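Have a look at the structure below before the remarks.
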Amino acid sequence: MALHVDRLYPPPGPGSPPGFPTITDLVAAIAEEHRPIPANRPWVLTNMITSLDGATTVEGLSGGLGRPADSQVFAALRAVADVVIVGATTARVEGYRRPRPNPTAIAARRSRGQTDAPRLAIVSGSLSVPSDLPAFDPGASNEPRPLLFTGSETTAERRRELSEVADVEAATTPIVDPHWVLERLFERGARVAILEGGPTLNGLFASAGCIDEWNLTVAPDLVSGTSARATHGQAVSAPTAFVLTRLWFADGLVFGRWVATGSSEPAL
């Protein structure tokens, strides 16, 4: 069944029909958004979902908040990325696999000169990620092996073990620096990266000033509990200001996109 997505913002221009415009092609609409590439690193966008009261999970999983519309927007956001960045805990808990776009997204990616699928990059400072993670299983897929970024205090033996299933890169510092990760991805040809959490990894990138675009889906649920916020950890020394560039509504969910004011996002 076709997804009906209303564009709430920006408002329709003069002479437009009454009511909210409808987004008919999510992949094209998201691909057309302005994403200027920073110097020596990819543009970083997030994709997170929260409840009305800010919870990011229900019983430990983000899927408890989602609806079919969220899955389609999620796929369309992934379709613009060269790489998917995720923390080891999120990859383990959510059972991450290698990204496999649908045929529409693959066709759009090929038309832009991208690979058929974004590459998966897992960040694990302690290499606590299990060797049998679904993402490490190639199956019948032709996607490249995941990248695995880790800190300097992990053992050579553990790095050798995981190098059997992933391309492992170790930093020169115990804590993995987001700038280093992004520089390494840029050297590998990535120009757009999607950061999918969890909250601790989001917080690390936020405190480093490495988030250019914040995509947040708000689900119409009250969850309470002890779920973490969408970012968690060390507070930023100076909050980064963002500007709203679009607001969509579908399936009871609100989809917002905010861009850091330091970017060259055109004014609406």
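Residues checked against (1) at pLDDT below 95; (2) farther than 24 Å from residue 207 by Cβ:
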residue	(1), (2)
11	yes, yes
19	yes, yes
24	yes, yes
27	yes, yes
33	no, yes
39	yes, no
42	no, no
46	no, no
56	yes, no
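Please determine whether any residue of segment 90-111 is part of a helix (DSSP H, G or I), of a type in the set (S, T, N, Q) and modelled with pLDDT of 95 or more.
Yes: one or more hits.
For the subset of segment 133-163 comprising residues that are under 22 Å from residue 94 (Cα atoms) and acidic (Asp, Glu), which member is farthest from the chain's Cα centre (by Cα)?
137
With respect to residue 93, determine if the residue is more than 18 Å from residue 250 (Cβ to Cβ) and open to solvent by 30 Å² or more (accessible area, probe 1.4 Å).
For residue 93, the condition - more than 18 Å from residue 250 (Cβ to Cβ) and open to solvent by 30 Å² or more (accessible area, probe 1.4 Å) - is met.
Give segment 39-52 a look and list any residue that's surrounded by fewer than 17 Cβ atoms within 10 Å (Cβ to Cβ) and in contact (Cβ under 8 Å) with a residue 40 or more places away in the chain, or say none.
Of segment 39-52, the ones surrounded by fewer than 17 Cβ atoms within 10 Å (Cβ to Cβ) are 39-40, 52.
40, 52, listed by residue number.
Just checking, which of 119, 112, 67, 98 is farther than 23 Å from residue 182 by Cβ, open to solvent by 10 Å² or more (accessible area, probe 1.4 Å) and in contact (Cβ under 8 Å) with a residue 12 or more places away in the chain?
Testing whether each residue is farther than 23 Å from residue 182 by Cβ, open to solvent by 10 Å² or more (accessible area, probe 1.4 Å) and in contact (Cβ under 8 Å) with a residue 12 or more places away in the chain leaves just 67.
Being of a type in the set (Gly, Ala, Ser) and either touching a Lys or Arg at 6+ places or on another chain (Cβ under 7 Å) or in a loop (DSSP other than H, G, I, E, B) (or both) is the filter here; which residues of segment 218-252 pass it?
Matches in segment 218-252: 219, 224, 225, 227, 228, 230, 233, 235, 237, 238, 241, 252.
Got a number for residues in segment 122-141 being of a type outside the set (S, T, N, Q), closer than 19 Å to residue 170 by Cβ and open to solvent by 20 Å² or more (accessible area, probe 1.4 Å)?
The number of residues fulfilling the criteria is 2.
What residue, of 81, 76, 55, is in a loop (DSSP other than H, G, I, E, B), small (Gly, Ala, Ser) and either in contact with a helix residue (DSSP H, G or I) (Cβ under 9 Å, 6 or more places away or on another chain) or loosely packed, with under 13 Cβ neighbours inside 10 Å (or both)? Give the derivation first.
Numbers: 81 fails: either in contact with a helix residue (DSSP H, G or I) (Cβ under 9 Å, 6 or more places away or on another chain) or loosely packed, with under 13 Cβ neighbours inside 10 Å (or both); 76 fails: in a loop (DSSP other than H, G, I, E, B).
Only one candidate qualifies: 55.
Name the residues in segment 172-215 that are part of a helix (DSSP H, G or I), in contact with a Pro (Cβ under 9 Å, 6 or more places away or on another chain), at pLDDT 95 or above and surrounded by fewer than 20 Cβ atoms within 10 Å (Cβ to Cβ), would you?
Answer for segment 172-215, where residues must be part of a helix (DSSP H, G or I), in contact with a Pro (Cβ under 9 Å, 6 or more places away or on another chain), at pLDDT 95 or above and surrounded by fewer than 20 Cβ atoms within 10 Å (Cβ to Cβ): just 186.
Tally the residues that are without any contact (Cβ under 8 Å) to a residue 40 or more places away in the chain and open to solvent by less than 60 Å² (accessible area, probe 1.4 Å), restricting the search to segment 1-38.
Initially, segment 1-38 is screened for residues without any contact (Cβ under 8 Å) to a residue 40 or more places away in the chain, giving 1-2, 11-19, 21-22, 24-25, 32.
With open to solvent by less than 60 Å² (accessible area, probe 1.4 Å) added as a condition, the list becomes 12-13, 16, 19, 21.
The number of residues fulfilling the criteria is 5.
The values are calculated or read from the model by the stated rules, or taken from the named source; none is laboratory data. Quick caveat: nothing in here was measured; it's all calculated off a predicted structure. Glycine also receives a Cβ, built like all others from the backbone with ideal geometry; neighbour counts cover every protein chain displayed. Accessible surface is based on the protein model in full, side chains and every heavy atom, while ligands, DNA and RNA are left aside. Shrake-Rupley method; radii C 1.70, N 1.55, O 1.52, S 1.80 Å.
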